[in-house]
Amino acid sequence: MDYQAVLEEVAAHARPYVRQGRVADYIPALEQVSADRFGIAVADINGDVYGVGDWETPFSVQSISKTFSLALVMAQSHGGHDSIWQRVGREPSGTPFNSLVQLEAENGIPRNPFINAGALVVTDRLQTLTGDASTSMLHFLREESGNEDLAFDQAVADSEAEHGDRNAALAHFMASFGNLENPVPSVIEHYFWQCSIEMSCRDLAVAGGFLARHGLRADGSRLLEAREAKRINAVMLTCGTYDAAGEFAYRVGLPAKSGVGGGIIAVIPGRCTLCVWSPALDARGNSVAGAAALDHFTTLTGWSVF
Ligand code: GLN
């Protein structure tokens, strides 16, 4: 497979979609980013990386971090990770990523780890396991991406905290059901920090390599059991793009996780991990050009999981 040629064709196909959505503005610091950006990278399981466009420009990972916090909780739980599934489900929610509506009827147990409520529970668990959830996450991402320069973006974290009433509400509501182990202010603070980490398409594609390698890191050491990697990929497919997960599976057919910074990572198990970035989003919070690019990538290569 000539990845470079495929990526160039995918980028040309996706370009007209770049301005079709809206850059997230509910976190004001995110609105500063130009809607014109587009980048895509592929890291294959042997460690070769290819990219086109703004593939080396860092952007705010936002909810893509939810994939890595779940992986880290599983990796740190040393086989006892099943307990996280007592506290968060693994069904698609069919509701927006920051919705409160299901939580009351479902006793403070979020539908899945990739909506905000579920990610807050995972961050809470990571805080208990590590004592410093966001710093552990940053170190983990530096190690997996091989980029020691990865950092938090303080302006984004502050902006999100300033406008964080809804996430605070989700956390307090779950705490009222006894589904948080740590104080709400600490859980949301670590969650905002983890969302603020800046990474490029290259960094994210490389860091997500263990998902394509059935749990193995780039150096061959084992991060997760194969069945754990399979589970994360399965939840990405069914829940990773929120209330558009059905549409995304229909169009792209890959496990994927999006973020409101405009990034999407996608996994082709046994082959490669992709990351695409373009900041303008559709109404559900997924990058318009990013989805068009992944759709075209699986059409051209025939490499969907279906
Ligand atoms: N930090 C964002 C929030 O909590 C993440 C949402 C997202 O990327 N979908 O609202």
message: Between Ala5 and Glu91, what is 0.36 nm times their sequence separation minus the Cα-Cα distance? Round to one decimal in nm.
response: 27.3 nm
- request: Can you tell me which of 140-150, 175-185 comes out highest on packing, and rank the rest after it, using the mean Cβ neighbours within 10 Å?
  value: 140-150, 175-185
With Cα atoms, 0 to 90° folded angle of helix 184-196 axis to the chain main axis: 10
query: Taking Cα atoms, how many degrees apart are the long axis of helix 288-301 and the longest axis of the chain, rounded to 10 and kept between 0 and 90?
result: 50
- prompt: With the dipole of the chain worked out from charges on the C-beta (+1 for Lys and Arg, -1 for Asp and Glu) around the Cα centre, which of Ala168, Gly240, Gln20 lies farthest toward the positive end?
  reply: Gly240
query: Rg to Rh ratio, the range 232-277, alpha-carbon atoms and Kirkwood radius?
result: 0.93
- line: Here the residues of the range 275-294 lying in the modelled label zone of Phe306, meaning backbone nitrogen under 18 Å from a point 7 Å along Cα-to-Cβ, are 291-294
task: Report relative contact order for the range 144-248 in percent, whole number only (criteria: Cα-Cα under 8 Å, sequence separation at least 6).
output: 27
- prompt: At each listed q (0.14, 0.15, 0.23 Å⁻¹), what is the log10 of I(q)/I(0) that the Debye formula gives for the range 188-237 modelled as equal alpha-carbon point scatterers?
  reply: -0.45, -0.51, -0.91
- line: Listing Cys195, Cys239 by rising number of other beta-carbon atoms within 10 angstrom, fewest first, gives Cys239, Cys195
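Using mean Cβ contacts within 10 Å as the protection proxy, how do 258-266, 99-107, 5-13 order, highest first?
258-266, 5-13, 99-107
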message: For the range 1-124, compute the orientation-averaged projected area of the C-alpha convex hull (one quarter of its surface), in nm².
response: 10.4
message: Run the lone-cysteine check on the chain: no other Cys C-beta under 4.7 Å from the residue's C-beta.
response: Cys195, Cys239, Cys272
statement: Across all Cα atoms of the range 140-250, Rg and the largest Cα-Cα distance (Dmax), in Å, are 16.6, 43
Residues Arg284, Arg125, Arg202 arranged by fewest to most Cβ contacts within 10 Å: Arg284, Arg202, Arg125
field: Dimensions in Å of the chain - Rg and Dmax from alpha carbons
entry: 17.5, 53
statement: Per GNM of the chain with C-alpha springs under 10 angstrom, the most fluctuating residue out of Ala293, Ala169, Ala71 is Ala169
task: Could you give the size of the charge dipole of the range 152-306 about its Cα centre, using +1 on the Cβ of each K and R and -1 on the Cβ of each D and E, expressed in debye and rounded to the nearest 20?
output: 840
message: Is there a quick way to get the dipole size of the chain? I mean about its Cα centre, with the Cβ of Lys and Arg at +1 and of Asp and Glu at -1; what is the value in debye to the nearest 20?
response: 860
query: Which value in deg cm²/dmol, rounded to the nearest 500, describes the helix-derived mean residue ellipticity at 222 nm for the chain, given -39,500 (n - 2.57) per DSSP H run of n ≥ 4 and division by the residue count?
result: -13500 deg cm²/dmol
query: Any idea what log10 I(q)/I(0) is at q = 0.25 Å⁻¹ for the range 73-130, Debye with uniform C-alpha scatterers and no solvent?
result: -0.98
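How big is the charge dipole of the range 1-149 about its Cα centre, in debye rounded to the nearest 20, if each Lys and Arg gets +1 on its Cβ and each Asp and Glu gets -1 on its Cβ?
560
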- request: Can you tell me the 0 to 90 degree angle between the C-alpha axis of helix 133-145 and the longest principal axis of the chain, rounded to 10?
  value: 20
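Bear in mind that the values in this text are calculations on the coordinates, not laboratory data. None of the values given here were measured: they were computed from a predicted structure. Every residue, glycine among them, receives a Cβ derived from its backbone with ideal geometry; neighbour counts consider all protein chains shown.
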